[in-house]
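Take a look at the structure set out below.
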């Protein structure tokens, strides 16, 4: 079996590698502060482990006290990393309480009644509290709790806490000390190595995933309105149409266009035009159901995807949005500005089975809404397509 010093050196090398890995990764993900905190923790851990590996009961009290203070700092920064990961502030209050309990207890075990085993017991109980707090933070986050990587980290913190609790209890009784200071002592260093390595790798993976998610969002979202851009919307529409065809479900698509938008830009400026687009986007989003999607199709034109909706349901939804947009008021230097929008509605049917066909029908209906005076909803009837559809809609009273 490897001796304690050899295991401690392995821990030092592993923790140093994690610290370097987290620090380098943080340089590429500067906004992801959990990486920075874990890098600090991984730097402190090997220093504390080396001091504890050489530490005996008759060691100089300042060295022993420094070692345990560094242990506390390593645990505190680790917990800070986990708290930041789940979107919470660092656990300052919890760490302050832990410090108020731990530091006097460890000082007594070092200075007043020097007892190395009791020092290790106090530190083991600290590990239980800190690892429990980290695992609790992850458990309270529903998204991380459902992910396998999050579950693995919960198990990692949980088994570390259990091991520390068992060792701490053994160290408190004479009969358990030989086991705790024998076989379990090198295992404690192995536990620390697994803790540091596992946490570091998890932080690096999470930083990468969040960067990819942010880049994907930037690629899929319209910068001004925050809605899906044209490419992302059409991709979502193709998937919805495929599912509707296979499942025999309803699917409707709505095109809407803000009326006289060029006039708004010309008379009130592009900043007012941008504000009008954002307000319209927010109004549309607020009126949609959970399963619906909306994208900025181009310029002042928006496109709505309504899974499970037939033409009549889509018309009702479009009419509700039309009324909401008509209620929008923008104060300008030239007086209040009111928005209106025209809508074209199309739904899947015997002659309409693709997204392209839905767009053709909705576009024809939108054209008819504008020709009939704007600020209205027009539904494309089933049957005709293309020029025949447009002619039918425009000539309808």
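The values are calculated or read from the model by the stated rules, or taken from the named source; none is laboratory data. Here the structure is a predicted model, which is why all the values come from computation and not from measurement. With ideal geometry, Cβ positions are generated from the backbone for all residues, glycine too; neighbour counts draw on all protein chains shown.
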- Query: Here are some residues: 234, 218, 224, 197. Which one is at pLDDT 90 or above, in a helix (DSSP H, G or I) and within 26 Å of the chain's Cα centre (by Cα)?
  - Reply: 234
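Checking the structure you have, find out if any residue of region 108-116 is in contact with a helix residue (DSSP H, G or I) (Cβ under 6 Å, 6 or more places away or on another chain), over 30 Å from residue 211 (Cα atoms) and surrounded by fewer than 18 Cβ atoms within 10 Å (Cβ to Cβ).
So far as region 108-116 goes, yes, one or more of its residues are in contact with a helix residue (DSSP H, G or I) (Cβ under 6 Å, 6 or more places away or on another chain), over 30 Å from residue 211 (Cα atoms) and surrounded by fewer than 18 Cβ atoms within 10 Å (Cβ to Cβ).
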- Scan region 168-194 for residues that are closer than 18 Å to residue 132 by Cα and either under 32 Å from the mean Cα position of the chain (by Cα) or at pLDDT 85 or above (or both) and jot them down. 168, 169, 191, 192, 193, 194
- So which helices (runs of 4 or more DSSP H) are wholly in region 116-185 and hold at least 3 residues that are closer than 17 Å to residue 94 by Cα? 116-139
- Restricting attention to region 207-221, does a residue exist that is within 22 Å of residue 149 (Cα to Cα) and touching a helix residue (DSSP H, G or I) at 6+ places or on another chain (Cβ under 6 Å)? yes
- Query: Among the residues of region 91-119, which ones are without any contact (Cβ under 8 Å) to a residue 24 or more places away in the chain and either under 30 Å from residue 205 (Cα atoms) or under 33 Å from the mean Cα position of the chain (by Cα) (or both)?
  - Reply: 92, 93, 95, 96, 97
- Restricting to helices (runs of 4 or more DSSP H) lying wholly in region 247-362: which have 2 or more residues that are surrounded by 21 or more Cβ atoms within 10 Å (Cβ to Cβ)? 270-287, 311-326
- Message: Looking only at residues that are free of Cβ contacts under 8 Å to residues at least 24 places away in the same chain and in contact with a helix residue (DSSP H, G or I) (Cβ under 7 Å, 6 or more places away or on another chain) in region 176-192, which one is surrounded by the most Cβ atoms within 10 Å (Cβ to Cβ)?
- Response: 184
